[in-house]
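A.B. asks: Can you read through this structure? Questions will come right after.
The values are calculated or read from the model by the stated rules, or taken from the named source; none is laboratory data. Fair warning: this is a prediction, and the values are worked out from it, not measured in the lab. FYI the Cβ positions are ideal-geometry reconstructions off the backbone, even for glycines, and counts take in every protein chain you see.
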Amino acid sequence: MKQFLIMLFAAFLAVLAGCATPAAESASQGSSPSAICHVCKYNNDLACVCVKVDRHTPHTEYQGTTYYFCSDECKVAFTKRPTKYLPKPGNNQD
């Protein structure tokens, strides 16, 4: 059980590290930019929180900001209730 928890924690850190690189920095390094799927983050679905952004990535604009998603289903969920999935003002979670 302890080994499983260590592996799970390592996977979590790997996902976060992949999303931690700003899009502009990733582009300058020749790799794809990445974004956070706020629906998966809200649902604690760590497997698809980090989204590689390209021209086919599902996305929508909300209040002047473009948000990217791991799937069309997450995009639809976000579009129905965006405030549910975004961090509350003053809550620095990104």
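A.B. asks: Inspect all residues belonging to region 24-31 and state whether any of them is modelled with pLDDT of 85 or more and out of contact with any Lys or Arg (no Cβ under 6 Å at 6 or more places or on another chain).
C.D. replies: There is no residue in region 24-31 that is modelled with pLDDT of 85 or more and out of contact with any Lys or Arg (no Cβ under 6 Å at 6 or more places or on another chain).
A.B. asks: Identify the single condition in (1) under 22 Å from residue 32 (Cβ atoms); (2) within 14 Å of the chain's Cα centre (by Cα); (3) at pLDDT below 95 that residue 44 does not satisfy, given that it satisfies every other one.
C.D. replies: (1)
A.B. asks: Let me ask something additional. Which of the residues that make up region 47-81 are over 13 Å from residue 37 (Cβ atoms) and of a type outside the set (S, T, N, Q)?
C.D. replies: Scanning region 47-81 gives 54, 55, 56, 61, 62, 64, 80, 81.
A.B. asks: Would you say residue 19 is hydrophobic (A, V, I, L, M, F, W, C) and modelled with pLDDT under 80?
C.D. replies: yes
A.B. asks: Are there any pairs, at least 6 apart or on different chains, whose C-beta atoms fall under 6 Å, with the first in region 43-58 and among the charged types (D, E, K, R) and the second not in a loop (DSSP other than H, G, I, E, B), and if so, which?
C.D. replies: Note: pairs meeting the criteria are 52/34.
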